[in-house]
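Here is the structure we will look at.
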Amino acid sequence: MRQELCNKLTARFKFLCNFGMDGKRYNFVPKCGDGWFNLIWSMCIEVEQELLKEYNTLEYTQIETKFVIHEIKEKWGAMSVFCMLGGTKNIYDIINKYEVLSERICEICGLSGRTVKVNGWYTTLCIEHYLREVRSILGAFKYLWPR
Ligand SMILES: [Zn+2]
């Protein structure tokens, strides 16, 4: 995901923090396409409401010690969210809902999509981006049919 979008997320949602094994804080960068930005945003809004209900605060240091999402990435064509500290069951239900939703949203552009296998990898794409991928793969193999 491009930096500008990552910055928007981390500026708004303080529970998105990437702590290394060394305890240091690193840049939080979702390892997925820009197409899932709105999905992540909506998920975080719902998580935030739940945190507010549960802890009565969105004050940064207090939230940070209670709940942290430290990684978001694409796996088998779906979004995977990793939490470092405990959340509530409601929070995990919200996260799970959005992980499932990601299987129907193009990771590149955010339009309606489905999980397909391209060049041996699972990915979730709209029809347009699927065709683009397939064409580029076919283009790469043109040399097999010399003129
Ligand atoms: Zn697309």
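Read the figures in this text as sums done on the coordinates, not as results from a lab. Just so it is clear, the model here is predicted, and its values are computed rather than measured. FYI the Cβ positions are ideal-geometry reconstructions off the backbone, even for glycines, and counts take in every protein chain you see.
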- Query: Quick one: which of 86-95, 115-124, 72-81 comes out on top by average Cβ neighbours within 10 Å, and what's the full order, highest first?
  - Reply: 72-81, 86-95, 115-124
- In degrees from 0 to 90, rounded to the nearest 10, what is the angle of the helix 37-55 Cα long axis to the longest principal axis of the chain? 20
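So for the chain, Kirkwood radius off the Cα pairs, Stokes-Einstein at 20 °C and 1.002 mPa s: how many µm² s⁻¹?
129
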- Item | Length-normalised contact order of the chain in % [C-alpha pairs under 8 Å, at least 6 apart] | 20
